[in-house]
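Before any comments, here is the structure.
The values are calculated or read from the model by the stated rules, or taken from the named source; none is laboratory data. Everything numeric here is computed off the predicted structure, so don't read it as measured data. Using ideal geometry, Cβ is built from the backbone for each residue, glycine included, and neighbour counts are taken over all protein chains shown. Side chains are part of the model used for accessible areas, which takes the heavy atoms of the whole protein and leaves out ligands, DNA and RNA. Shrake-Rupley method; radii C 1.70, N 1.55, O 1.52, S 1.80 Å.
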Amino acid sequence: MRRLILILAVTTAVTGLSATPQGPSLTAVPPERAAAREWFRDAKFGMFVHWGVYSLLGQGEWVMQNQKLPSSSYEWLATTFNPVKFDAASWVATAKAAGARYITITSRHHDGFSMFQTKATKYNIVDWTAFKRDPMKELADECRRQGLKLFFYYSQLDWHHPDFYPRGGTGAASGRPDSGDWNKYLDFMDDQLTELLTRYGPLGGIWFDGMWDKPNANWRLDRTYALIHRLQPSALIVPNHHKAPLPGEDVQTFEQDLPGANTAGFNTREISTLPLETSLTMNNSWGFNITDQKFKSTKDLIGVLVRAAGNGANLLLNVGPRPDGTLQPEAVTRLQDIGAWLQRFGVSIYETRKGPVPPQPWGATTRKDNTVYVHVLDTAATSVTVAANLGPIARATMLSTNERVETRETGAGVTITLPKTATADVDRIVLLRLGADVR
Ligand code: JFZ
């Protein structure tokens, strides 16, 4: 009995998930994690990477499912994965030059192949391929060297593991036996997460995906989340389950959508008070897709970054590197161009919070202390109205040139007349210094 009480007490202390009189708390977290959440809110821009065995076929990361490939074929394919040109230093340098503050990478996607060294299965890049290297380790070391944080995407859905049973909505064609031990599968995941959180240095966090495949299963989330927060108290849990956040989770992420927009059809409209993130493909694919040339323009990508910031959210912008380990040139040029823009105008994005009004058809607003940045993305606009009571405005200037800008308080808010000289390439940014003292 005493032992039971002790176990209960320890579990409660460790999970932090115990019900308070008001129910489980989403916000009461230890100081390390609260600080990590603030770091996340400040970071504003991350590079997402989808890369794995599927990259070989150039049809996206769902190829195993979409082409109904049996495990036996995919296992053979995996033996041939040998990305000899992979260079962690250059990937991280590219992300850094783009202005990204973190990288989130697929340590294991739905195909079940571990892109890291693991004792939990031989089906991993070190033991299964001629490559024999651990690219997650190389990236973790480089991120530390170059000052970026690293998050591991980790799929809870597995199309290969025999114990992923009963199966969910996908993964039926891989030829696995109709039996399996669900709890053994959950143990396997906890073992792998333990490796990821103990062998790669301090992580930004874990980006979970795949629960949606079996929404009613017992995923033992409390136990897994407690494990993560015990192993690394400042690691953030970012779940892509498309629902309102659950206890223990740290970031609300929206796939292919700005917070609350749900153009994708599978996101929730409920926006929590947690840090927010929007994930976005650069073309229409996550994993390398050799026929998908529909890359968004740099202008459009910056537009999403600005609108995300205007919602108080980060942009997690995806690249799908090629099977030889190189980034696609189309992605590299866009990342370079975003980086050049952030070099000049990053002050209006990084460390900001959402502005006084939500994003508008003409653009978005961000705010830092007593400075409001009005981002005019509509290149045709000659004036815009920020429909909020901002109080006195001490100074209004174009961020790019310091040129004075005319503002007028109307009943509807503050109307800004854009100078004719302001060039309208991507984003005309007006800086409003709030307060009474005119300087
Ligand atoms: C998920 C993954 O399946 C995808 O491969 C990629 O990693 C992305 C970031 O996350 O995408 C999903 C997941 C579920 C649905 C749609 C996209 N869904 O339930 O409609």
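For the range 111-195, the list of trypsin sites (Lys or Arg not before Pro) that fall in a loop by DSSP and count at most 12 other C-beta atoms within 10 angstrom reads Lys119, Lys122, Lys132. Identify all lysines with a Cα-Cα distance to Lys299 below 28 Å; exclude those on the same chain that are fewer than 8 residues away in sequence. Straight-line reach from Lys299, under 28 Å: Lys44, Lys96, Lys149, Lys354, Lys368, Lys420.
Say R0 is 35 Å: what FRET efficiency, to the nearest 0.05, do Ile290 and Ala261 get from their beta-carbon distance? Provide the component values of the computation, followed by the final result.
On the way: r = 30 Å, r/R0 = 0.85.
Efficiency computed from Cβ-Cβ geometry: 0.75.
A straight Cα-to-Cα reach below 17 Å connects Lys214 with the lysines Lys184, Lys243, residues fewer than 8 places away in its own chain not being considered.
Length gained on full extension, Asn183 to Asn389: 68.6 nm, using 0.36 nm per residue less the C-alpha separation. Per residue, the chain reaches -8500 deg cm²/dmol at 222 nm when only DSSP H runs of four or more residues are counted, each adding -39500 (n - 2.57). Here the spin labels are modelled as points 7 Å beyond Cα on the Cα-Cβ line, and at Ala244 and Ala97 they lie 4.5 nm apart.
Mind giving me the FRET efficiency for Ser72 and Arg144? R0 is 35 Å, r the Cβ-Cβ distance, nearest 0.05 is fine.
The pair Ser72/Arg144 has a calculated efficiency of 0.35.
The Cα atoms of the range 112-162 give a gyration tensor whose axes a ≥ b ≥ c have a/c of 1.5 or more with a/b no greater than b/c, which makes the shape oblate.
What fraction of the DSSP beta bridges in the chain is antiparallel, stated in percent and rounded to the nearest 5? Can you show the working numbers first?
Details: 33 of 67 bridges.
In the chain, approximately 50 percent of DSSP beta bridges are antiparallel ones.
Residue by residue, the range 46-60 carries 3J(HN,Hα) couplings of x, 9, 8, 10, 10, 8, x, 4, 4, 4, 4, 8, x, 10, x Hz when phi is fed to the Karplus relation 6.51 cos²θ - 1.76 cosθ + 1.60 (θ = phi - 60°); x denotes Gly or Pro.
Gyration tensor over the Cα atoms of the range 319-439: the corresponding equivalent ellipsoid has semi-axes (square roots of 5 times the eigenvalues, largest first) of 32, 15, 13 Å.
Partner lysines whose Cα lies under 24 Å from the Cα of Lys132, excluding those fewer than 8 positions away in the same chain, are identified as Lys85, Lys119, Lys122. Remark: the Val347-Ala380 segment gains 9.5 nm on full extension, using 0.36 nm per residue and subtracting the alpha carbon distance. Take the chain, drop everything but the C-alpha atoms, weight them equally and run the Debye formula without solvent; then report log10 I(q)/I(0) at 0.06, 0.09 Å⁻¹ to two decimals. Debye output, listed in q order: -0.28, -0.61. Potential lengthening of the chain between Gln336 and Asp127 amounts to 71.7 nm, from the contour at 0.36 nm per residue minus the alpha-carbon distance.
Derived scalar couplings between HN and Hα for the range 112-117 equal x, 8, 7, 8, 8, 6 Hz in order, rounded to whole Hz, by the Karplus curve 6.51 cos²θ - 1.76 cosθ + 1.60 (θ = phi - 60°), x for Gly and Pro.
Accessible area of Trp182 (1.4 Å probe, protein heavy atoms only, ligands and nucleic acids ignored): about 40 Å². Simple spin-label estimate for Ala412 and Asp425 gives 3.1 nm between the two label positions (7 Å along the Cα-to-Cβ direction from each Cα). Restricting the trypsin sites (Lys or Arg not before Pro) of the range 291-355 to loop positions (DSSP other than H, G, I, E, B) with no more than 13 neighbouring Cβ atoms within 10 Å leaves Lys294.
Which of the peptides 233-240, 172-179 is most tightly packed, and how do the rest follow, judged by the mean count of other Cβ atoms within 10 Å per residue? Can you show the working numbers first?
On the way: 233-240: 21.6, 172-179: 13.4.
Ranking the peptides 233-240, 172-179 by packing returns 233-240, 172-179.
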